[in-house]
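The values are calculated or read from the model by the stated rules, or taken from the named source; none is laboratory data. None of these values were measured; they are calculated from a predicted model. Neighbour counts are summed over all protein chains in view; Cβ atoms, including those assigned to glycine, are modelled from backbone coordinates with ideal geometry.
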Amino acid sequence: MRSVEMVARTKEEALELALKELQTEEDQVDVEVLEESSSKGLLGLINVNKVRIRVTMKEDLSQKAARLLREILVNMGISAQVEVFKRDDHITLNITGEDLGRIIGRRGQTLNSLQYLLNLAVNKGRAEKERIIVDVAGYRKKKEESLKKLALRSADRVKRYGKKEILYPMSPYERRIIHLALQNNDEIMTYSEGEEPYRRVIISPQK
């Protein structure tokens, strides 16, 4: 991350000089005051103020997420690449490489846990949370199609036999796919029960 140090009579003057040097705006930087002093000038009649600050460019959120994910993969002993895709409502990090099954885990549980931890780390201290989706070689797209088919098959059985179905535990992301797939079906209703990470979707006849 780029940073500069500036000295001026006031913090405001030093910050203005630093922003010009970095060619950026104030909301894109972090400011640290390194030194602040005041002394008498000529014949002791004039106060001379000096402020030295360090101004550092803030790390882009998608870059921060990708960096953290790469560090996690290295610690897992996995050699892989991370692609970054910025969307309007979320950031997708797609992992490519070899031996990716270890990252996915059974029914995507390892991948979901990794995504959960990454969201916590990236959004720590942020008022507005950014949604981070971690994918592995397009796994989530295939999983989404599989979940939609599961939702439709289960809904057909519920309508046919008039009994509710309880699906296996899913992540919030997966449960959302089920709910959205069936939201326009007037004959059934969906809701979630249980505590994370064992929360399940219930598909029930409409009452």
Subject >> In region 154-192, the residues that are at pLDDT below 95 and among the acidic types (Asp, Glu) >> reply: Glu174, Asp186, Glu187
Original post:
Which residues, taken from region 1-21, are within 18 Å of Lys64 (Cβ to Cβ) and among the aliphatic types (A, V, I, L, M)?
Top reply: Met1
Subject >> Test: residue in region 179-188 that is in a loop (DSSP other than H, G, I, E, B), surrounded by 15 or more Cβ atoms within 10 Å (Cβ to Cβ), without any contact (Cβ under 8 Å) to a residue 60 or more places away in the chain and not assigned by TED's automatic domain parsing to the domain that holds Asp99 >> reply: yes
Subject >> Residue selected from region 100-117 under the condition out of contact with any strand residue (DSSP E or B) (no Cβ under 8 Å at 6 or more places or on another chain) and either hydrophobic (A, V, I, L, M, F, W, C) or assigned to a loop (DSSP other than H, G, I, E, B) (or both), by the criterion modelled with the highest pLDDT >> reply: Leu117
Original post:
Condition test on Leu120, is it surrounded by 12 or more Cβ atoms within 10 Å (Cβ to Cβ) and either at pLDDT 90 or above or within 18 Å of the chain's Cα centre (by Cα) (or both)?
Top reply: no
Original post:
Within region 62-83, how many residues are closer than 18 Å to Arg126 by Cβ and in contact with a strand residue (DSSP E or B) (Cβ under 7 Å, 6 or more places away or on another chain)?
Top reply: 4
